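A short worksheet on the structure shown next.
Where a number appears in this text, it was derived from the coordinates with a stated rule and is not lab data. Note that the structure is a prediction, hence the values are computed from the model and not measured. As a convention, Cβ positions derive from the backbone with ideal geometry for all residues, glycine included, and neighbour counts pool all protein chains shown.
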Amino acid sequence: MIAIIDYGVGNLFSVEKAFAALGAEARITNNPAEIKAAEKLVLPGVGAFGDCMINLSASGLIPLLKEEVAAGKPMLGICVGLQILFEGSDESPAAAGLGLLKGRVERLDAPELKIPQMGWNRLHIAEPRRQQDLFAGIEQNKEYVYFVHSYHAVPADKTVITAVTNYGGEVTAAVQQGNIMATQFHPEKSGDVGLRIIDNFCKLG
């Protein structure tokens, strides 16, 4: 079973529907026993960084999520679910992130483009990662995925970046550090390529 963490943010049902389309057993839950029993975790997120952290803190699930990740359980963050893995964000300077990844989240620097970035953009996969984990079988510099965001992660360790896109410059599109992986784009809204990415996550050992 894959646990989709319910901490009062949106896009839960579209994520659940994408997993169901692949025949995966995925369950929206905030039940600690179900989260412990799950083989993998999905951490969605939409809206402001600070609001997501307030909700996640109020859920009481932060210690459990950190414990499960530390034990090696795979976790997939989506959109703001990627951003809150980091230490903090310029969007909500007073709010601390989970700190599972070192670095901060900064506003997109694209003065000649519309902010937020909203729509399809090309995915550039870091070459050492191209046939690994989330991006196994994904063609390089060909596939487009769906973004809705005004901020992006700037990791302290650039080797955790597994994919980028271009929006007024290079923008972090995906990260991975061990069993922690995340996409800034929405795989559940990215058509066939998004389903392949989700399926790759489902198939992780």
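Below are the figures for this structure:
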read-out	value
Candidate lysines for bridging to LYS36, where Cα separation is under 20 Å - those fewer than 8 sequence places away on the same chain excluded	LYS66, LYS73, LYS203
Straight-distance crosslink candidates among aspartates and glutamates, where the alpha carbon sits under 18 Å from LYS102 and sequence neighbours closer than 8 are dropped	GLU67, GLU87, ASP90, GLU91, ASP157
Computed FRET value (nearest 0.05) for GLU170 with MET1, which takes r as the C-beta separation and R₀ as 41 Å	0.65
Cα→Cβ-extended label distance, 7 Å offset, between LYS36 and ASN141, nm	5.0 nm
Packing-based ranking, highest mean first, of 38-45, 159-166 given that Cβ atoms within 10 Å are counted	38-45, 159-166
Alpha-carbon centroid distance for the pair the range 45-116 / the range 132-151, whole angstrom	19 Å
